[in-house]
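The values are calculated or read from the model by the stated rules, or taken from the named source; none is laboratory data. On a predicted model such as this, the values are computed, not experimentally measured, just so you know. Cβ placement follows ideal geometry from the backbone for every residue including glycine, while neighbour counts extend to all protein chains displayed. Note: accessible area is taken over every heavy atom of the protein model, side chains too, but ligands, DNA and RNA are not part of it. Shrake-Rupley method; radii C 1.70, N 1.55, O 1.52, S 1.80 Å.
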Amino acid sequence: MGNSALKAHLETAQKTGVFQLTGKGLTEFPEDLQKLTSNLRTIDLSNNKIELLPPLIGKFSFLKSLALNNNKLSALPEELCKLKKLETLHLNGNHLRQLPAAFGQLSALKTLSLSGNQLQTVPTQLSGLRHLDVVDLSKNQIQNVPDTVGELQAIELNLNQNQISQISVQISHCPRLKVLRLEENCLELSMLPESILSDSQISLLAVEGNLFEIKKLRELEGYDKYMERFTATKKKFA
């Protein structure tokens, strides 16, 4: 991509607050973007070949949405955590194994997508985020869901297509969790905490493709209570 093309994109971004450059084979974050740190609200650099996100990302203090799906990121800089206005972060299809220690400082974050990375656990940093609505951790290498998940504020948690065989009973204490997706994991029925059914806010539990037959779920203590929530929610959206 030539300089003139990039210049045109920068000029548009200055007016619109949106910089979108996807599928152009970029190997690095465009340094010229730092001229627009106070303009940009949205950056989308998905479907490129970016391996590193530079520390200057922390200077985009008005950024609300950042998308870097399908790149080659294996780590994120701590500076990313300075983005106090960031509401949406899409990082699907990268090589991330963990999140920066200060990730909990992204206090405005509502939507986080990390599908198709190499995470091995549900990041504990997520528990500090008070406005999270949707967290997508599908298609990672997560094997267990730790106790810290009980503090997660999300409304929807997607853990489909991982290797989960253990879930902390604390998940039933999530104050806002309505949708829990656990399809295609390694769960035995005995490893699914019954309190998810009997004693949580969860009104949609998706568990197809695990090591038990779905009809066995219906025999569990608490299934009737779960069905009451499920039906009530269905009516609300009907």
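Here are a few things to note about the model shown:
- Cα gyration tensor shape of region 1-99, rounded if a/c is under 1.5, else prolate or oblate by comparing a/b with b/c: oblate
- In this structure region 33-107 gives 44 Å² per residue of accessible area when probed at 1.4 Å with all protein chains present.
- FRET efficiency for the pair Q14 and A101, taken as 1/(1 + (r/R0)^6) with r the Cβ-Cβ distance and R0 = 22 Å, rounds to 0.05.
- Too-long pairs where the Cα-Cα distance tops 22 Å, listed order kept, from K72/K139; K178/K234; K64/K178; K139/K216; K82/K110: K64/K178; K139/K216
- Annotation: per residue accessible area for region 119-237 equals 50 Å², rounded to a whole number [probe 1.4 Å, protein chains only].
- Degrees separating the helix 3-16 axis from the principal Cα axis of the chain, which is the longest one: 60
- Surface share of carbon and sulfur [accessible, 1.4 angstrom probe, percent] for region 1-99: 47
- For the peptides 157-164, 193-200, residues were scored by their other Cβ atoms within 10 Å and the scores averaged per peptide; the highest-first order is 157-164, 193-200.
- Mean ellipticity per residue at 222 nm, deg cm²/dmol - from DSSP H runs of n ≥ 4 across the chain, formula -39500 (n - 2.57): -4500 deg cm²/dmol
- Here the Karplus relation 6.51 cos²θ - 1.76 cosθ + 1.60, evaluated at θ = phi - 60°, turns the backbone of region 213-226 into coupling constants of 7, 4, 5, 5, 4, 5, 8, 6, 4, x, 4, 4, 4, 4 Hz, with x for every Gly and Pro.
- Nonlocal amide H pairs with L52, under 5 Å, H built at 1.01 Å: F29
- Contact order for the chain, expressed relative to its length and based on alpha carbon pairs under 8 Å spaced 6+ residues apart, stands at 10 percent.
- When peptides 67-76, 32-41 are sorted by average Cβ neighbour count within 10 Å, with the highest value leading, the order is 67-76, 32-41.
- Whether region 1-59 is rounded, prolate or oblate, judged on the alpha carbon gyration tensor where a/c under 1.5 counts as rounded: oblate
- Between region 10-50 and region 125-145, the alpha-carbon center distance in angstrom: 27
- Here the Kirkwood formula, the inverse mean of 1/r across different C-alpha pairs, assigns region 119-237 a hydrodynamic radius of 14.2 Å.
- Karplus-derived 3J(HN,Hα), 6.51/-1.76/1.60, for each residue of region 106-117, Hz, glycine and proline x: 6, 5, 8, 4, 10, 10, 10, 10, 10, 5, x, 10
- Of the solvent-accessible surface of region 119-237, computed with a 1.4 Å probe and all protein chains present, 48% belongs to carbon and sulfur.
- Backbone HN-Hα couplings from phi across region 99-105 [Karplus 6.51/-1.76/1.60, Hz, Gly and Pro as x]: 10, x, 4, 8, 4, x, 7
- Calculated log10 I(q)/I(0) by the Debye sum over Cα atoms at q = 0.07, 0.09, 0.10, 0.18 Å⁻¹ (choose from (i) -0.33, -0.50, -0.59, -1.48; (ii) -0.21, -0.35, -0.44, -1.58; (iii) -0.27, -0.43, -0.52, -1.26), label: (iii)
- Nearest-20 debye value, the chain charge dipole, Cβ charges on Lys, Arg, Asp, Glu: 900
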